[in-house]
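S.K.: Take this structure first; my questions come after.
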Amino acid sequence: MPYLELNNVSKSFGGASVLKDINLNVEQGEFVAIVGFSGAGKTTLISLIAGLLKPDAGLAKLNGLPITGPGPDRGIVFQNYSLLPWLSVFENILLAVEAVNPNWSPAQKREHVEKYIAMVNLTPARDKKPHELSGGMRQRVSVARALSMDPQILLLDEPLSALDALTRATLQDEISRIWLENKKTVVLITNDPDEGILLADRIIPLTSGPGATLGPEIVIDLPRPRDRKAINHSDRFKEIRKQVIAFMLDSKIDRHNAVTRKLILPDIEPEDLDRPPRIHSGKARPIRSSEIKSETVEVA
Ligand SMILES: Nc1ncnc2c1ncn2[C@@H]1O[C@H](COP(=O)(O)OP(=O)(O)O)[C@@H](O)[C@H]1O
Ligand SMILES: [Mg+2]
């Protein structure tokens, strides 16, 4: 039985279809990447798994049970850090640990929090507030906070998209190392095929919306640990990347061909700046195309 199971899940907002017939199975301990364009419905998909949204149709199951709401079995990391600004790194993580383990002793909680701060290399910044941290450091706190709750599955919604390329690469390596050490089930949402291929066991493209759905999965059979420099020269890596990008671009082109829109131009003619402005009852106003009278003049 798969650990996470989505069967024909669909979601619309106000009649507008965002996700349609999503089918996804994720096994325990697996790292799955879902790659899609911006606006395709990636956050909607992760929110359905998180239990923050309910599907309109289909069934979402975790560990054999229907998902009815959020729970501590799912740790979520969002793109926008979502830390409490008035709490330090230590306190932000402690809050999560206390919520999940209210009966632990203060010493036990402290030790646990310190362990996860160390795991993301933030011990020197443990007493800093979010505004004193760089984007990469804030995102590390979010990752540590999610892991500290010891969830069964980590849901990562474009956790690295807002970061510069170098910080992004460092954090990708950190996520990879943490996953190898903890073997949590991970669903990573990303807009970067390379990121998905570097980190995941399988990569699945999400077609562009409306009515986005998952495309064919590709098993990433590259050996681990993966070295980002070496992987760039791997023919298999290039092949997978080519397949993913080709599928995504095709899904986008199909959409564009399917939509026909009538273009309605405004009823205003561009102004000729070389001529003095036309004055009508003391006020300049634009010339409307509908007011222009056509006249045929014969030239001898
Ligand atoms: N709560 C909501 N109400 C209405 N529309 C929404 C809501 N959430 C998302 N959408 C729409 O659904 C589409 C997909 O959004 P989202 O899942 O955030 O995309 P992504 O994360 O891939 O960028 C967008 O067109 C967005 O405007
Ligand atoms: Mg999103």
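The values are calculated or read from the model by the stated rules, or taken from the named source; none is laboratory data. None of these values were measured; they are calculated from a predicted model. With ideal geometry, Cβ positions are generated from the backbone for all residues, glycine too; neighbour counts draw on all protein chains shown.
S.K.: Which one of Glu132, Glu98 is free of Cβ contacts under 8 Å to residues at least 12 places away in the same chain and in contact with a Lys or Arg (Cβ under 9 Å, 6 or more places away or on another chain)?
M.R.: From the options Glu132, Glu98, the qualifying one is Glu98.
S.K.: What residue, of Ala200, Ala212, is closer than 21 Å to Glu27 by Cα and hydrophobic (A, V, I, L, M, F, W, C)?
M.R.: Unique residue meeting the criteria: Ala200.
S.K.: Please pick out the residue among Val143, Val100 that is crowded, with 19+ Cβ neighbours inside 10 Å and at pLDDT below 95.
M.R.: Answer to the selection: Val143.
S.K.: Can I ask one more? Counting just the residues of segment 1-45 that are among the aromatic types (Phe, Trp, Tyr) and away from ligand 1 (no atom under 13 Å from the Cβ), which one comes out nearest to Gln79 (Cα to Cα)?
M.R.: The extreme case among them is Phe31.
S.K.: Six or more apart or on different chains, Cβ atoms under 6 Å: show the pairs whose first residue is in segment 157-173 and over 16 Å from Asn80 (Cβ atoms) and whose second is in a loop (DSSP other than H, G, I, E, B) and charged (D, E, K, R).
M.R.: none
S.K.: Scan (1) within 16 Å of ligand 1 (Cβ to nearest atom); (2) closer than 28 Å to Gln172 by Cα; (3) surrounded by fewer than 19 Cβ atoms within 10 Å (Cβ to Cβ); (4) not charged (D, E, K, R) for the single condition Val77 breaks and write down its number.
M.R.: Unmet for Val77, out of (1) within 16 Å of ligand 1 (Cβ to nearest atom); (2) closer than 28 Å to Gln172 by Cα; (3) surrounded by fewer than 19 Cβ atoms within 10 Å (Cβ to Cβ); (4) not charged (D, E, K, R): (3).
S.K.: While we're on this one: Out of Pro151, Pro210, Pro216, report the one residue that is within 16 Å of ligand 1 (Cβ to nearest atom) and under 29 Å from Ala57 (Cβ atoms).
M.R.: Every option except Pro210 fails the conditions.
S.K.: Considering only residues that are surrounded by 15 or more Cβ atoms within 10 Å (Cβ to Cβ) and of a type in the set (Ser, Thr, Tyr), look in segment 33-74 and name the one that is nearest to Ser161 (Cα to Cα).
M.R.: Among those that are surrounded by 15 or more Cβ atoms within 10 Å (Cβ to Cβ) and of a type in the set (Ser, Thr, Tyr), it is Thr43.
Yes/no matrix, rows are residues, columns are (1) at pLDDT 85 or above; (2) part of a loop (DSSP other than H, G, I, E, B); (3) of a type in the set (Phe, Trp, Tyr):
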site: Leu188; (1), (2), (3): yes, no, no
site: Asp221; (1), (2), (3): yes, yes, no
site: Glu239; (1), (2), (3): yes, no, no
site: Lys242; (1), (2), (3): yes, no, no
site: Ile253; (1), (2), (3): no, no, no
site: Leu265; (1), (2), (3): no, yes, no
site: Glu271; (1), (2), (3): no, yes, no
site: Asp274; (1), (2), (3): no, yes, no
site: Ser290; (1), (2), (3): no, no, no
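S.K.: I'd like to check something: does segment 132-140 contain any residue that is assigned to a helix (DSSP H, G or I) and within 16 Å of ligand 2 (Cβ to nearest atom)?
M.R.: Within segment 132-140 (the criterion being assigned to a helix (DSSP H, G or I) and within 16 Å of ligand 2 (Cβ to nearest atom)), the answer is yes, since at least one residue qualifies.
S.K.: Give me the strands (runs of 3 or more DSSP E) completely within segment 1-111, filtered to those with at least 2 residues that are of a type outside the set (S, T, N, Q), more than 19 Å from Pro151 (Cα to Cα) and within 16 Å of ligand 2 (Cβ to nearest atom), ordered by residue number.
M.R.: Qualifying strands (runs of 3 or more DSSP E): 4-13, 16-26, 31-35.
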